[in-house]
Each structure stands twice: as C-alpha cells, then as structure tokens.
Amino acid sequence: MDANAYRLGATYQLNDRTGLCFGYTYDETGQDDDHFSARVPDNDRHLFGLGLAQSLGYGLSLEAAYMYVRAVDRDYRGVRPYTGGDLNGSTALAGDYSMDAHLIGLELVKVF
C-alpha cells in the first residue's frame, strides 16, 4: 500500500539569539487492513510542532520543542476469521482505535 506524508514548517528569527520553529505534518498510514496489528495501530496522523532555540554564546544553544500527535480514529473490523496463530489482519482485532501523544524535547547544542 502506498502512503504519503505532507510537511510544512517555518522558522522565525526573533532576534540574533532567539529563534522560533513551527511545523505541521499529515502522515498517511502505510499499513492496510490485511496487516493491521493492535501492537502498533498505525492510523493516519496529524502532527503539530513548536520549537524555541536560544543562543547562549560560545557556540552553545539551548533548544526546546513540543509536538502534539493526533491520530485519525480507525474503525477496524477485519475480514479474515481468527482461527489461531497470527492475529494480524484478523477479526480478533476488531475494534475502534484512537490515540494521541504529547512529545517534549530539550537539548543543549554545542557547535565546534
């Protein structure tokens, strides 16, 4: 199954030492129903990101980021009856799957 990702980002320099970043991604799932797994319920996703970079001088900067991930709800029913063995793609996993996630990053960067 083919899948695409669409990304848009922007950086804004507030001043010589401070920069802001914004980003958005729409990520299509590459996992069709025949290979669906509840361990990694791969849904189409919207990702929203914010970032801040602050130069500390001497080649150092402090960077912080936040990302919110919102998956599109997935209604999976399966067409292959579960008869034991491999669950993936079977009716044993029938259900409604939804998720969201909050990701935070903080890093100290040194440029040589």
(request) Taking the residues in the stretch 15-33 that are surrounded by 13 or more Cβ atoms within 10 Å (Cβ to Cβ) and assigned to a loop (DSSP other than H, G, I, E, B) as candidates, determine which candidate is modelled with the highest pLDDT. (result) Glu28
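Condition check ((1) touching a Phe, Trp or Tyr at 6+ places or on another chain (Cβ under 7 Å); (2) in contact (Cβ under 8 Å) with a residue 12 or more places away in the chain; (3) surrounded by fewer than 11 Cβ atoms within 10 Å (Cβ to Cβ); (4) not β-branched (Val, Ile, Thr)) across all residues:
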position	(1), (2), (3), (4)
Ser55	no, yes, no, yes
Leu62	no, yes, no, yes
Val69	no, yes, no, no
Tyr82	no, no, no, yes
Leu93	yes, yes, no, yes
(message) Please pick out the residue among Tyr76, Tyr82 that is touching a Gly at 6+ places or on another chain (Cβ under 8 Å), modelled with pLDDT under 95 and over 30 Å from Ala10 (Cβ atoms).
(response) Tyr76
(message) Are there strands (runs of 3 or more DSSP E) fully within the stretch 34-109 with at least 1 residues that are among the hydrophobic types (A, V, I, L, M, F, W, C), in contact with a strand residue (DSSP E or B) (Cβ under 9 Å, 6 or more places away or on another chain) and under 30 Å from Arg17 (Cβ atoms)? List them.
(response) 45-57, 60-71
(request) Could you pull out the residue among Arg39, Arg7, Arg70 that is charged (D, E, K, R) and within 27 Å of Val111 (Cβ to Cβ)? (result) Arg7
(request) Report yes if Tyr12 is surrounded by 13 or more Cβ atoms within 10 Å (Cβ to Cβ), hydroxyl-bearing (Ser, Thr, Tyr) and either on the phi < 0 side of the Ramachandran plot or modelled with pLDDT of 95 or more (or both), otherwise no. (result) no
(request) Looking only at the stretch 60-110, count how many residues are closer than 19 Å to Gly30 by Cα and hydroxyl-bearing (Ser, Thr, Tyr). (result) 4
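The values are calculated or read from the model by the stated rules, or taken from the named source; none is laboratory data. Note that this is a predicted model, so its numbers are computed, not measured. Every residue, glycine as well, gets a Cβ built from its backbone with ideal geometry; the counts of neighbours run over all protein chains shown.
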